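Report on one structure; see the data block that follows.
No lab work stands behind these numbers, since they all come straight from the coordinates. These numbers were taken from a predicted model, which means no experiment stands behind them. Here Cβ is always computed from backbone atoms with ideal geometry, including for glycine, and neighbour counts include all displayed protein chains.
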Amino acid sequence: MNISYMYSLIAVIVLFVLAYVGVQLPGGEVFFGIIIPYLALILFILGFINRVIDWARSPVPFRIPTTCGQQKTLPWIKPASIDNPSTTGGVIVRMILEVVFLRSLFRNTKCELKAGTKISYEWEKWLWLFSLAFHWAFFVVLFRHLRFFTEPVPASLQILEKLDGFLQIGVPGLMLSGAVLLAAVTLLFLRRIWISKVRYISLASDYFPLFLIFGIAFTGILMRYFTKVDIVGVKTFTMSLVTFSPHITEGIGSIFYVHLFFVSVLLAYFPFSKLMHLGGIFMSPTRNLANNSRAKRHVNPWNYPVKIHTYDAYEDEFREKMIEAGLPVEKMIEPGMAAEPEEEEKE
Amino acid sequence: MFAGIDHKPSPKGWMDTPVEIKRGVACYAANPKSLETVSFPYARQWSCFDEDWQLPENWKEIISKGFRERLDRFRSVKVFMDICVRCGACADKCHFFIGSGDPKNMPVLRAELLRSVYRNDFTTAGKIIGSLGKNFKKIIGARELTQDVLKEWWYYLFQCTECRRCSVFCPYGIDTAEITIMGRELLNLIGLNIDWIATPVSNCYKTGNHLGIQPHAYKDMLDFFTDDIEEITGVRVEPSFNRKGAEILFITPSGDVFADPGTFTCMGYMILFHYLQEKYGFDITWSTYASEGGNFGFFTSHEMMKRLNAKMYAEAKRLGVKWILGGECGHMWRVIHQYMDTMNGPADFLEEPVSPITGTRFENARSTKMVHITEFVADLIKHNKLELDPSRNDHLKVTYHDSCNTSRGMGLLEEPRYVIKNVCNNFYEMPANTIREQTFCCGSGSGLNAGENMELRMQGGLPRANAVKYVHEKHGVNMLACVCAIDRAVLSASMEYWVPEVEVTGVHEMVGNALILPGETKRTMNLRSEPLPGMEDEDAE
């Protein structure tokens, strides 16, 4: 048995029980509905900012973009202005493609032995597809939830909901994003277990967010389509949270609190985990710098002088041999010349 | 070729699999004398095959302090320690993993070797959860730094060639080269290095080049090539050395001066410079002081890289040249392109490089003031400044190996191809996923070109060799061109083992063969003194 995912699964089940039972205790609704979400949000915001500041505190001493295409050199050679950007504009486009479309994952290949002896590196689109589906679905679901925190609901949100529910299946209408999110999380999980290499590198902290997000999507879907949660009651409650006049609405049901608790845990966990790749991607020096280091000097704030072997010290050592070989020298040999001088400190 | 390589990791977790240091894979420890030349700490006689590595008593403290310093100095390290999601995209991109099947050669895992210690020592979550016990540490992927862990670092950090192929595929651009560079810096703090890096570093520092060639011997070698060139072309070239007032300084890896087949590339440069001098008054000098383009300091520490690299600008300044032309080399160009100006600039005593022959302004090098020889030559060919007879290379069916560093740390892709296509008639590309930014490492870059680790080298060279074999079988390719001195040394060995029908050449060896020198006699031999196509029966006199 793989302890990494068992631990994570157990942790999420414990969280479920904690919220499901806890909310029925006296004061449980206030604790899980008001105190925990506020705390989680504060932790998320402060934690996120703190982490980004911490990264930003370390300088970028060298300009080290990973160049993935032709450099800009001679005017008649076409440069890869996005995959190997030489301008800030190019970097911005590169970053947009990376963040919005997972450009690098799109490149993925799979190294496979065919018949045990021939190797191939075929285009591998599944990781890219699952990841893209996951991130986009998550984003749409998140965006749709703004409905609970705005009054009146903005038009853009209503348009998105129309698009998301375009299949018009069932009552209430099926939102594609929720289903895709659940499916993508499941596929990403299965991929982690099935592919032996990925299973080998996976930690509990890789499974935990997957289970947690699965739990969030699952409880959300449960409320919308099956237990048919009191949506008006929920909105009254969420609006009270967002206007900082929190009060509990009676009769929303435990599943809602489980959903909210999962989200709170995710928020609180976020800044301390790999989920910070959301912020980190923007700060990666191999992606966010232009490849123009020969055209424009990049400055290292901690550049310090180092000891070098100077030409003078070199010539002192080899002068005789150099003269003999007809190589030009700075100083001719004079009688009684000093032995090797000290090496110089030089920047 | 791939029979017997198993890419399925064992069911046992990697943290529970202790490192086993194997002969044929590990490199010998550094000669203490070499470390002393450059005043590196804890120089001593030790062996990685011994149980006791004779570490300094407070080694843990040194590593911990060094780690902290590097987290504070390099955002790359800090971010790369934190944001990996272990998606596995990099797992099968490493030539060492493909060639060996050792799961700790998956780039993600190589980084996890360090990350696990980072989590334990430098993260709040790691410290809190870790304090609950060892099992809790394991859950969050943290572990204490022990001697076994240190040995594991050493073993696997010298199984990475800093080629950056994994970084191309990583959705966050996590660059294992950065991690390996940092890891090796840490190891150097407690005197753990390998001799194939430390001794070249010491030689470069003292004599200016990694083979320790003294100035007169350097000149002797080029004199020797001059004789060879005269015999082959009937023309006597006249290279100059350490000449003040020359317009341009030429710096190339010293491997080209002392080892075949690099020597033929060196002859190519000499023929080219002579041609340009005769035709256009080209004014260039070689240097015996800055006689090494390659920078083995890069495989040691940022500081050592800077100390060695400093010679280039120092010599350019002393000689009073206008700009610097750089020869064919891989990691030399990563250092020049991404580090030199930052470390040892600004080079305000030089001028923005302009080709004295075509008038082309190399705007891309206007700050660093150093131009790659294929950029320079591509420009010459484009402007029709070279008289070439590509048919002299007709016996060759050529493919081109992109060096890791010039492709992924620079983007020099079209320039060498343009030159090759103009000096030979038969050119075939290897499969798309094995060239350009996806190129495979030669297998022994970053100072791993030793003799005692031959098994590792052949494993690492396998993916490249396999792609060469493919074009050899499909198109009859018999010559592998490259723009890197380490490639020329490494690929020769790797081809001999995997694809013996294919030889290795530098791009400028082919240029030298195709170039029609003013006043040359009818050429019957190429630079290797082999008969040219159709000249097999001619007297080679």
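Semi-axes of the equivalent ellipsoid for region B:151-261, computed as √(5λ) from the eigenvalues of its C-alpha gyration tensor and ordered from largest down, come to 38, 18, 14 Å. Once the Cβ-Cβ distance of A:Asp54 and B:Lys134 is raised to the sixth power relative to R0 = 25 Å, the FRET efficiency obtained is 0.35. Go ahead and set up a Gaussian network model of chain A, Cα springs under 10 Å, then flag whichever of A:Phe139, A:Phe32, A:Phe261 fluctuates most. It is A:Phe139. Between region B:282-348 and region B:351-374, the C-alpha centres lie 15 angstrom from each other.
Using a Gaussian network model of chain A whose springs link C-alpha atoms within less than 10 Å, name the residue from A:Gly47, A:Gly69, A:Gly215 with the highest mean-square fluctuation. Looking only at A:Gly47, A:Gly69, A:Gly215, the biggest GNM fluctuation is shown by A:Gly69.
For A:6-14, what's the mean count of beta carbons from other chains sitting within 10 Å of each residue's beta carbon?
Numbers: counts 0, 5, 1, 0, 0, 1, 0, 0, 0.
Shielding by partners across A:6-14 averages 1.
Taking a ≥ b ≥ c as the square roots of the eigenvalues of the alpha carbon gyration tensor, the protein assembly as shown is prolate, as a/c is not under 1.5 and a/b beats b/c.
Suppose R0 equals 22 Å. What FRET efficiency, 1/(1 + (r/R0)^6) with r the Cβ-Cβ distance, do B:Glu238 and B:Glu520 give to the nearest 0.05? For R0 = 22 Å, the calculated efficiency reads 0.90.
Using a cut-off of 14 Å between alpha-carbon atoms, which aspartates and glutamates can reach B:Lys134, once sequence neighbours fewer than 8 places away in the same chain are excluded? Counting by Cα, and skipping residues close in sequence, B:Lys134 has these aspartates and glutamates nearby: B:Asp16, B:Asp121, B:Glu144. Dividing the helix sum by the residues of the protein assembly as shown, where each DSSP H run of 4 or more adds -39500 (n - 2.57), gives a mean residue ellipticity at 222 nm of -14500 deg cm²/dmol. The Rg/Rh ratio for chain B, using Cα coordinates for both the radius of gyration and the Kirkwood hydrodynamic radius, is 0.99. Note on B:Asp148 and B:Ser10: with the Förster distance fixed at 25 Å, the Cβ-Cβ geometry gives a FRET efficiency of about 0.90.
Within a 10 angstrom radius of each residue's Cβ in B:257-268, how many Cβ atoms of other chains show up on average? Whole number is fine. Could you put the intermediate results ahead of the total?
Numbers: counts 0, 0, 0, 0, 0, 0, 0, 0, 0, 0, 0, 0.
Taking the mean over all residues of the peptide, I get 0.
Across chain A, the mean sequence separation of Cα contacts (distance under 8 Å, 6 or more residues apart), normalised by length, yields a relative contact order of 28 percent. Values of log10 I(q)/I(0) for region B:14-193 across q = 0.12, 0.19 Å⁻¹ run -0.57, -1.43, by the Debye formula with one identical scatterer at each alpha carbon and no solvent. Going by a ≥ b ≥ c, the root eigenvalues of the Cα gyration tensor, does region B:336-459 fall in the rounded group (a/c under 1.5), the prolate group (a/b larger than b/c) or the oblate group? Cα axes put region B:336-459 in the oblate bin. Residue ranges B:480-487, A:283-290 sort as B:480-487, A:283-290 when ordered by packing (mean number of other C-beta atoms within 10 Å per residue, highest first).
Using only Cα atoms, find the angle between the long axis of helix B:59-73 and the longest principal axis of chain B, and express it within 0 to 90 degrees, rounded to the nearest 10. Helix B:59-73 sits at roughly 60 degrees to that axis.
With bins 10 Å wide beginning at 0, the percent of Cα pairs of chain A falling in each bin runs 4, 16, 22, 20, 14, 9, 5, 4, 3, 1, 0. Model label points for B:Lys421 and A:Ala183, set 7 angstrom from Cα along the Cα-to-Cβ axis, are 4.4 nm apart. A DSSP coil position with no more than 12 other Cβ atoms inside 10 Å describes the following chymotrypsin sites (Phe, Trp or Tyr not before Pro) in region B:1-85: B:Phe49. When chain A is treated as a Gaussian network with alpha carbon springs shorter than 10 Å, the biggest mean-square fluctuation among A:Gly165, A:Gly233, A:Gly326 belongs to A:Gly326.
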